[in-house]
Each structure stands twice: as C-alpha cells, then as structure tokens.
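A.B. asks: Mind looking over this structure? Questions follow.
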Amino acid sequence: MKAVIMAGGEGSRLRPLTCDRPKPMVPVLNKPIMCHIVNLLKKHGMQNIGITLQYMPEVIRDYFGSGAEYGVNFKYYIEDVPLGTAGSVKNAQDFLDETFLVISGDALTDLDLSQAIKFHKEKGSMASLVLTRVNSPLEYGVVITREDGHIRRFLEKPSWGEVFSDTVNTGIYILEPEVLDYFAFGQKFDFSKDLFPLLLRDGKPLYGVVLSGYWCDIGNINQYWEAHQDILNHKVKVELHGHELFPGIRVGKNTEIHPSANIEPPVFIGDNTKIQKDVNIDSYTVIGENTIISKNSSIKRSILWNNVKIDPAVSLRGTVIGSRVEIKSNAGVYEQATIGSECQIKERCIIKPGVKLWPQKTIEAGATVQESIIWGTRQNKKLFGLEGISGKVNIELTPEFVTKLAAAYGSTLGNGEKVAISCDNYHVSNMFKKAFSCGLQSVGIEVHDLGKIITPVHRFAVRSYNYHAGIHIKNSSQFNGVIKLILTNEKGSNISRSKERKIENTLNKEDFRRSESENIIPGIPMAGIIKEYINFIVNNTQTEILKNKNYKIVTAYDTHNLGTIIENLSQRLNIEFKNVCAEDCNNSWLEYYQKNVTIFSKKVISENASMGVIIDNNADSLILIDEQGEIIQEDLLTALIALIALKRHKEPVVVPVTASKTIESLAQKYSSKVIRTKTALEDFSEQLFNANAFSQFLMNFDALAAFFEILDFVASEDILLSQIRQEIPIFFMDRKEVHVPWETKGRVIRKLIEEKPSEDLEMLDGVKAFHPEGWTLVLPDPEEPVCRIFSEGVNMEVAESLAEFYSNKINDIISKNTAG
C-alpha cells in the first residue's frame, strides 16, 4: 500500500525553532519528527511513499534523499504556492493508483495504522478518518460519528460553544484514489474543510475509526516539550537508539560522562557528547549529539539540540536550545525560554522566562533579557473571549503586551488605513489606549483618536466616518480591575472569528510589519463625536411626542462616563432623569445592581415614575423596570426587544440560541420569522447585519439607543411599558453554572450528544437537547472552566428540574472521567 506524507508545514507557532527549517525537520529525540513517521509507515508495510513539500523543500530532500537509507522509496511533489492539504496530495495523483494513506509529517504518533486500513476495507469506505480522543479539542477538527463509525458531522477548530465531542481528526486518512477527482490540479482544497464536507453532502461512504494509542500534534513549544516528556515516560512507542547506561538513562555511542556527574532519570543523551565534572542533569532532559556540557553546569527539564556548547556554571531550567548555540559561563536560561540556532549568549547573561531569541543573535555579557528579540511573547490562553479581549490590569494585560497586540492587529490591515481608537473615562483605559495607539502607528496605521467616550459612541463613529476598523478600551462592568478591548470592523460591530484568528496567528508569529520612521503617521484627534451621536439618538425619535409626555424616569448610571450624554438628552427631549446611582458603584455596576435591583424597582413605584432604567458604565447593556415595578432583564428583555422589532419594523428577529421559544410564537403572530444565532457577540452582530436588521443591532449593542427606541415606541403608541410587557406570553427559564475543567469539556459535550438521538439535538452553539416539556442548552464558556446550562419548561418546576438534571449529568461525567 502507498502512503503520502504531507511535509509542507512552516510551523510558525514553533518559531524560532522553525526559522531555518520546515516543521517536519524539527528534531524529536535528536531525529526529525518526520523520521518517526517514516518508521511508523515502514512498520505497517508502506514502503512506497510520496512526500508533498512547500516550505523550504530542499531541506527535506537533502536530508532524506531517495529513502534507500530508511528502506523505503520516496517521490517528492513540490507546491509553488500553498494548495491546502488535499491540493498538495492532488499533485501526487499519478502516483496514487490504489488505496492510499495520508499522514502529516509533523505529528508524533504510534497509532495502529494497520487496524485503520482493515477498518477502511471492511466498511467499503471511500474515505476513512483516523480519530483519537483529546482533553482540549479547540485546536483540532472535532468529529461526531454514529456507533458504526459513519461520520455525522465535523467542525474545524471550534470555539467552546461549538465543541460537541472530544473525538478529533488526527489528519491521518485512508482514501480511495477517486476522491482526488472531486477537484482540479492547482485548486486550493483542504481535506477537512472542503473535500470531506463534499463527500458527506453527496452521501459517499465516509467513516471515522477511533484508535487508542498515542498522538500529539506538535503545534507549539509546549506540545513539543510534552512530546519529549511522553517519550521518556514510555507513553509513545518510537524507535530509540543508543543504550541504557542505567535504568532510565539512555546514552548514544562515543558519549563520555564524568564519574562525578549526577544524572537523574529519565534522560536521553545523544552520540559523541561530553558531560564534564560535577555536572547536574535533572530528569526529563534531552541532549543532542556532539554537545559539550562543561563542569559545574546544571540542566533541568530542558531540550538541547545538536552541537551545543555549554560553558562552566551555566544554569538551564525548562528551556529549548537550538543547534550550534554557545552559552558562556555563569549564564542562565529559564523556564519556557527558547533559543534559536546559532545564538551566542555571553558570560553572566540572564534570559528570563518566556523569552525567545531568533537564530544568530548575540547577547552581550551581563545582559538581562526580559523581552524576545523579535517582538513579543506568546499567550498561553485563547486570546479572544465572548466580548473581545479581557484581562486583569497589569497582570494578564500590560501596556507592553497591548502595544504588541496592536501591532498584530494593524499588520492585518492595509498600510495607511484609518483606524478609530477610543476609551471610556477611566485613567487605566486611557493608559491602554495610548499603548494601543503606539502599536498601530508602528505598523503604518493612521490612528484617529475619538477621545473618552462610551462603546455605542465608538460604534457610531466608526460607521459614520467610514473607518476601516476600530478599537474601544473599557473597564469591565462585571469584574473590578479587569479591562476589555473591543475590536470593531467597518460597520462598528465586533470583528469576525476569522479576523480574530488572523490577529492571533500574526501575534503568535511575532512577525509584524514595520514602518520606517519617516512613514509613521501622526495621530489625529477627533472632536464633536458625542454631539453627533446625541443628534443621531434624537433624530431617531418622534421628538415632539416624547417632549409632550413629560416622562419621569428613575435611572442608575455612571455619571463619570454617561453624565454628559444623558443630561443633554434630558434637556432636548424634556425627560426628567432621576439618577439614584451611588457614587461607589460606578466601576462595579453589574455586581451593585444585581444586589439592589429590587430596591430600585420599589424606588420607581415610590417616585410614581413612568419607568426605570439601569445602564451599565459603557452603555452596553441595560435593565428596565416598568411603572408597576416589574423587572425586565435578560430573557424577558430579549423578548421585549424582539416584540418591538416585530410590531414596529416588520422584520425578522435575530436572537441568540439561549432565547425563549416564546419569541417564535410572537413572530408567528406577526407573520414573521426568527433567526437564531450563536451567543458570541461577533456571531450575533454578523447575523443582524446579514438580516438587514440595523434597528435590532442598535437595540442589542447600544443601551441608550435601545432605551430611547423603547421609550419612543410606548410614547407613539400611547401605552405603558407594562402593557407591552404583558403582551409577551409567560415563559419559564432557569440557568445554572457547572465547574468543568478545561481538559474535560470536550468529553462532557460528546457524552451528552451520544446519549440523545440526533433528531432531539441542535448543535448551533453548544448542545441543545429538546424534551417533551422543554429544552436544555449546555454551553461551554470560552473564558472560564465552566459550562453554562440554560433551560426552558412549561412551568418553572420543569425548567429547574431540566437544569438540575443536566447539572447532575455533567458532574457524573466529570467524576467518571476523574476516576478513570
């Protein structure tokens, strides 16, 4: 049987290790990753092997040659431009005249390929995907199969809301030759994104086989280090050379170890290496060939490539050192630092944790390096959450990181494009705004400073002034000491997921565009934005009707941020706003009013007010209280906004998947329809614009516009807020939150899916299970180790019992996983 190794990977997330070599040539236990793949194929009887190349192809060809040295036959196929996984294999179509296997050249695995081939033939499959189970499936293609292995659904690199299983695509496929007839030579085509969905749509036999065994996609430096640890722990079966000097200490030929050296297993030391007097080598260390470790040096849990020279009294702690690196005496390189090939670190240097040095850099004697030579350090967690980027001030988000992030963002935009930047009225937000401006300017962006404004004013300005993009920086209304960065597109809505990934990739590569000094564009301050926004609000109301109503509104809002706007609107629309916001609640709005909303509703009644409104400190969300003191928030507010859209604008309503089914009955009443969307703000806003529902965009993303739209509606209809509330049928919903470790989320969702027939499930966002008397949605949170449970029932008892049932079920899955 023939095989194809896809070896065109650039390995940008492994930089600086891949600056001078393609990803398949990165050594694992002193051999290129691809060597382990070749050995695996040969073990399972595949000796005729095609290799697809794209990035630095000559490095692989020069190393492997014809394959004779490995007892196999190689044929090489080079892409001039990236063609995708399937497009690259298409180049080898003349070679692939029988059932063949496709495997990546940059993953480490010992999966039983013969078992997969047997499964493929027994099922009569056109394409079989080799699957495995992982703890965190975010970076992989998730696959859902029936019991017989027939593929039901798959999703490439999901968000947590899209994680329906912990069963993922390994990138190993057994294919029939005719699959390559589905697309043309030179066409960019991917197996998982293009070909397999096409086969699934056409009803072709497409199967997945779950194999036990080891598989690791070595996508970043943490995974690279873990792969070595797993080999040393014997979790993966690979061919090891050398001999075992002592239990757990494997040594290559012609290696010399001084008797006074202390080595703690497990350790692997390559050929022709010298370990001198009084050296300490701790467990989980791998040392390459032709390397010298001089006296009194200490190495702990580190990976050293070939031809490294370590002078006396050097300390290495949890680091990766590339080939031909020289580290002079008394220097130290610390946790998660990565040193590219041919660097020289001189005497008494300190390389701080997380620093990366690109190849051929020299660090002068006595220097302390706290930042990577190429701009920036990688973040371990996923950058974007439900609403932009958030983090604790000067802990998770620092000015220096924000500057790098801005450079990454700006590098995804065209040179000289105009970007609007703004912040709320807090000093810490302004500090981050200045840092972000510097990063944008450094990559040739024309920055227009909108000043200190609220989020809706920012969105309005981006739309009105035709900016290419924007960034608004604000304090979190949920957590003290947390800052949020909201990145907006040309419509003023949150950027798309694809744009988020592009920014993350640019940041990870640390390869930003740089402008020469004479091409740096000075920032441009913009004035009058707030006045134009106020005019926009007023012009969207029936002003005279509102003025004649003499409304009295009990309010709670942040005077620091919103005072100017609300006071101006009060005068122009003849509305009395009675603000009861305590001075100490401005920066913890949500927490304060969740505790005090009942007191607030009594205040509305005692003041004989027309209604009450609580607006958060950036006017992103609101809570209404009608004249009877009834609280309208969350699910009821969503239904109210939908009802007004149906009555006033006669348009389809767009609501998140968490919203009540009552909205469908309202839409039916008004001869309209409901469009359900994912909960993430970028997905929600995109659907609103796709549906041409701009008024709904304002009502969901602009608390002031929403409030005045509702106020204008009740004024023009000459009704009370309670009357429009009472038109909404009573519904019963419950919510719960269950702590779920990150590594267990995929398993939890998969188990929930497996336990219910597919016709009773919806998987738009998370997994939604329908029951005779209601439904339950389990939604993994993208920012916290929790799953959120939403339920609706024919009565409150049913809603609560459904939420409790799934809470218990999730805890049961977690406990069984822990016990296993």
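The values are calculated or read from the model by the stated rules, or taken from the named source; none is laboratory data. For clarity, every value in this text was computed on a predicted model and none was experimentally measured. Quick reminder, even Gly has a Cβ in these numbers, built from the backbone with ideal geometry, and neighbours come from all protein chains shown. Only protein heavy atoms, including side chains, enter the accessible area calculation; ligands, DNA and RNA are left aside. Shrake-Rupley method; radii C 1.70, N 1.55, O 1.52, S 1.80 Å.
A.B. asks: About its Cα centre, what dipole magnitude does the range 239-385 give when the only charges are +1 on Lys and Arg Cβ and -1 on Asp and Glu Cβ, stated in debye to the nearest 20? Provide the component values of the computation, followed by the final result.
C.D. replies: On the way: 19 positive and 15 negative charges, 95 e Å.
It works out to roughly 460 debye.
A.B. asks: In the range 534-680, how many lysine pairs have Cα atoms under 22 Å apart, counting only pairs 8 or more places apart or on different chains?
C.D. replies: Lysine pairs satisfying the spacing and distance rule in the range 534-680 number 20.
A.B. asks: Please give the Cα centre distance for the range 19-73 versus the range 205-225, rounded to the nearest Å.
C.D. replies: Here the answer is 18 Å between Cα centres.
A.B. asks: Output the Kirkwood hydrodynamic radius of the chain, Cα pairs only, in Å rounded to one decimal. Could you put the intermediate results ahead of the total?
C.D. replies: Details: mean 1/r = 0.0335 Å⁻¹.
With all distinct Cα pairs of the chain included, I get 29.8 Å.
A.B. asks: Something else: Can you work out the Karplus-derived ³J(HN,Hα) for every residue in the range 481-495? Use 6.51 cos²θ - 1.76 cosθ + 1.60 with θ = phi - 60°, whole Hz, and x for glycine or proline.
C.D. replies: x, 10, 10, 10, 10, 9, 9, 10, 8, 5, 8, x, 9, 5, 5
A.B. asks: Keeping every protein chain in place, order VAL674, VAL28 by accessible area at 1.4 Å, biggest value first, i.e. largest first. It would help to have the intermediate numbers written out before the result.
C.D. replies: Numbers: VAL674 35, VAL28 0 Å².
Order by accessible area, largest first: VAL674, VAL28.
A.B. asks: All other residues with a Cβ under 9 Å from the Cβ of ILE299 taken together, and with Lys, Arg as +1 and Asp, Glu as -1, what is their net charge?
C.D. replies: Working: positive: LYS300, ARG301, ARG317; negative: ASP282.
Residues close to ILE299 contribute a combined charge of +2.
A.B. asks: Roughly how many debye, to the nearest 20, is the charge dipole of the chain about its Cα centre, given +1 on each Lys and Arg Cβ, -1 on each Asp and Glu Cβ, and no other charges?
C.D. replies: Details: 91 positive and 103 negative charges, 265 e Å.
Once rounded to the nearest 20, the dipole reads 1280 debye.
A.B. asks: Starting from the exponent 0.38 and prefactor 2.2 Å, build the expected Rg for the range 207-275 from its residue count and divide its actual Cα Rg by it. Intermediate values should be presented prior to the final figure.
C.D. replies: Working: Rg = 15.3 Å, N = 69, 2.2 N^0.38 = 11.0 Å.
Dividing the Cα Rg of the range 207-275 by 2.2 N^0.38 Å gives 1.39.
A.B. asks: Among the listed pairs LYS356/LYS433; LYS253/LYS300; LYS237/LYS352; LYS392/LYS736, which are separated by more than 29 Å between their Cα atoms? Walk me through the intermediate numbers first.
C.D. replies: Values: LYS356/LYS433 27 Å; LYS253/LYS300 23 Å; LYS237/LYS352 34 Å; LYS392/LYS736 25 Å.
Over 29 Å apart, Cα to Cα: LYS237/LYS352.
A.B. asks: So if R0 is 60 Å, what FRET efficiency would GLN93 and ASN608 give, r being the distance between their Cβ atoms, rounded to the nearest 0.05?
C.D. replies: FRET efficiency, GLN93 to ASN608: 0.15.
A.B. asks: Figure the gain on full extension for ALA365 and ASN811 (residue separation times 0.36 nm, minus the Cα-Cα span) and round it to one decimal in nm. Walk me through the numbers before you get to the answer.
C.D. replies: Numbers: separation 446, 0.36 × 446 = 160.56 nm, distance 5.50 nm.
Stretched fully, the ALA365-ASN811 segment lengthens by 155.1 nm.
A.B. asks: Turning to a different aspect of this structure: Quick one: if you stick a label point 7 Å off each Cα along the C-beta vector at ASN296 and GLU797, how many nm between them?
C.D. replies: 8.0
A.B. asks: In square angstrom, rounded to the nearest 10, how much accessible surface does ARG153 have for a 1.4 Å probe?
C.D. replies: Accessible surface of ARG153 is approximately 80 Å².
A.B. asks: Mean separation of Cα pairs under 8 Å and 6+ residues apart, divided by the residue count of the chain: what relative contact order is that in percent?
C.D. replies: Numbers: 1844 pairs, mean separation 67.4, N = 820.
So the answer I get is 8 percent.
A.B. asks: Pulled fully out, how much extra length does the chain show between LEU200 and GLU717, if you take 0.36 nm times their separation in residues and subtract their Cα-Cα distance? Don't skip to the answer; put the middle values down first.
C.D. replies: On the way: separation 517, 0.36 × 517 = 186.12 nm, distance 5.18 nm.
This chain segment gains 180.9 nm when fully extended.
A.B. asks: For the range 646-663, in order, what is each residue's ³J(HN,Hα) by Karplus, 6.51 cos²θ - 1.76 cosθ + 1.60 with θ = phi - 60°, in whole Hz (x at glycine and Pro)?
C.D. replies: Using θ = phi - 60°, the values come out as 5, 6, 9, 10, 6, 10, x, 9, 10, 9, x, 5, 7, 6, 5, 5, 4, 5 Hz.
A.B. asks: Nearest 500 deg cm²/dmol is fine: what mean residue ellipticity at 222 nm does the chain get from its DSSP H runs of n ≥ 4 alone, each adding -39,500 (n - 2.57), divided by its residue count?
C.D. replies: Details: 22 runs with 250 residues, N = 820.
Result for the chain: -9500 deg cm²/dmol, rounded to the nearest 500.
A.B. asks: Between ILE78 and SER66, how many nm apart are label points set 7 Å from Cα along the C-beta direction?
C.D. replies: 2.0
A.B. asks: Rounded to the nearest 5, what % of the DSSP beta bridges within the chain are antiparallel ones?
C.D. replies: Details: 65 of 151 bridges.
Given both bridge residues lie in the chain, the antiparallel proportion sits at roughly 45 percent.
A.B. asks: In whole Å, what are the extents of the range 80-134 along the principal axes defined by its C-alpha atoms, from largest to smallest?
C.D. replies: Projected onto its principal axes, the Cα set of the range 80-134 covers 35, 28, 14 Å.
A.B. asks: How much of the pair distance distribution for the range 381-539 lies past 21 Å, counting alpha-carbon pairs only, in percent?
C.D. replies: Considering the range 381-539, 40 percent of its Cα-Cα pairs are separated by more than 21 Å.
A.B. asks: Please list, in chain and number order, the residues 5+ apart from ASN618 or on another chain whose amide H is under 5 Å from its amide H, with Hs placed from the backbone.
C.D. replies: When sequence neighbours closer than 5 places are left aside, there are no close amide H contacts.
A.B. asks: For the range 1-145, what number of Lys pairs, 8 or more residues apart or on separate chains, have alpha-carbon atoms under 18 Å from each other?
C.D. replies: Close lysine pairs under the 18 Å cut-off: 13.
A.B. asks: Further question: Quick query: amide H of THR679 versus all other amide H atoms, modeled in the peptide plane; which residues come in under 5 Å with a sequence gap of 5 or more or a different chain?
C.D. replies: For THR679, whose amide H was placed from the backbone, the distant partners under 5 Å are VAL657.
A.B. asks: Separate question: Scan around LYS578 for amide H atoms under 5 Å from its own, H built in the peptide plane at 1.01 Å from N, and keep only partners 5 or more places away or cross-chain.
C.D. replies: Result for LYS578 returns ILE553, VAL554, THR555.
A.B. asks: At what distance in nm do the modelled label points of LYS188 and PHE770 sit from each other, each positioned 7 Å from its Cα along Cα→Cβ?
C.D. replies: Using points 7 Å along Cα→Cβ, the separation is 3.8 nm.
A.B. asks: Apply the Debye scattering formula to the range 212-371, with a single equal point scatterer on each alpha-carbon and no solvent, then give log10 I(q)/I(0) at q = 0.15 Å⁻¹.
C.D. replies: -0.75
A.B. asks: Moving on to the next point. What length, rounded to one decimal in nm, is gained on full extension from LYS43 through to SER570, with 0.36 nm per residue of separation minus their alpha-carbon distance?
C.D. replies: On the way: separation 527, 0.36 × 527 = 189.72 nm, distance 7.89 nm.
In short, 181.8 nm is gained.
A.B. asks: Sticking with this structure for a sec: Which order do the peptides 614-620, 537-543 come out in when sorted by mean C-beta neighbours inside 10 angstrom, highest first?
C.D. replies: Values: 614-620: 25.7, 537-543: 15.0.
In decreasing order of mean packing, 614-620, 537-543 become 614-620, 537-543.
A.B. asks: Given a Förster radius of 30 Å and the C-beta distance between GLU400 and TRP742 as r, what FRET efficiency does 1/(1 + (r/R0)^6) yield to the nearest 0.05?
C.D. replies: Step by step, r from the Cβ atoms, then E = 0.65.
A.B. asks: Additional query: Rounded to the nearest whole Å², what accessible area per residue is found for the chain with the 1.4 Å probe?
C.D. replies: Numbers: 32650 Å² over 820 residues.
Value returned for the chain: 40 Å² of accessible area per residue.
A.B. asks: Something else now. State the percentage of accessible surface on the chain attributable to carbon and sulfur atoms; use a 1.4 Å probe and exclude ligands, DNA and RNA.
C.D. replies: For the chain, the apolar C and S fraction of the accessible surface comes to 46 percent.
A.B. asks: To check my understanding: the extent here is largest minus smallest coordinate of the Cα atoms along each principal axis. What are those three numbers for the range 673-816, in Å, largest first?
C.D. replies: 58, 32, 27
A.B. asks: Would you please name the trypsin sites (Lys or Arg not before Pro) within the range 600-685 that are DSSP coil residues with at most 16 other C-beta atoms within 10 Å of their C-beta? Intermediate values should be presented prior to the final figure.
C.D. replies: Numbers: sites: LYS602, LYS603, LYS647, ARG648, LYS650, LYS661, LYS669, LYS673, ARG676, LYS678; in loops: LYS650, LYS661, LYS673, LYS678.
Filter output for the range 600-685: LYS650, LYS661, LYS673.
A.B. asks: Also, I was wondering about something else. Output the Kirkwood hydrodynamic radius of the range 588-705, Cα pairs only, in Å rounded to one decimal.
C.D. replies: Values: mean 1/r = 0.0662 Å⁻¹.
Radius from the Kirkwood sum: 15.1 Å.
A.B. asks: Right, something else. When ranked by the protection proxy of mean other Cβ atoms within 10 Å per residue, highest first, what sequence do the peptides 747-759, 473-485 form? Walk me through the numbers on the way to the answer.
C.D. replies: On the way: 747-759: 17.5, 473-485: 20.8.
Top to bottom by mean Cβ count within 10 Å: 473-485, 747-759.
A.B. asks: Separate question: Quick one: grab Rg to one decimal and Dmax as a whole number for the range 1-58, Cα atoms only, in Å.
C.D. replies: Computed over the Cα atoms of the range 1-58, radius of gyration and Dmax are 12.0, 37 Å.
A.B. asks: Tally Lys and Arg at +1 and Asp and Glu at -1 over the other residues with C-beta under 11 Å from the C-beta of CYS438: what net charge comes out?
C.D. replies: Working: positive: LYS404, LYS433, LYS434; negative: GLU400.
Charge balance near CYS438 sits at +2.
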